[in-house]
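The structure under discussion appears below in the form of structure tokens.
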Amino acid sequence: MKVDIYTSKTCTYCLAAKQLMTSKGLSFREVDLSNDQSLRLKISKQTGHRTVPQIFINNTFIGGFNELSKHLT
């Protein structure tokens, strides 16, 4: 399973998503959008969501922390 988590430095849900993945022993790639407005805009246009985290599993957007939590239980 390939997981990409788009985050920002001050996002508590981003931290929770990373902690959840780690607690399940799953690896993920974090992409910090804090200083990359062009990438943040690109991801927002792709998903239709403006908040982070934005989580992709196997290149498919699943949503944020709540959707990840449901997906892993």
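We did not get these values from a lab; they are worked out from the coordinates using the rules stated. Because the structure is a prediction, the values reported are computed rather than measured.
Computed quantities for the displayed model
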item	result
Fraction of beta bridges assigned by DSSP in the chain that are antiparallel (%, nearest 5)	65
Extended-chain gain in nm, criterion 0.36 nm per residue less alpha-carbon gap, residue 20 and residue 49	8.3 nm
Ellipsoid equivalent to the chain - semi-axes via the Cα gyration tensor, in Å	19, 13, 11
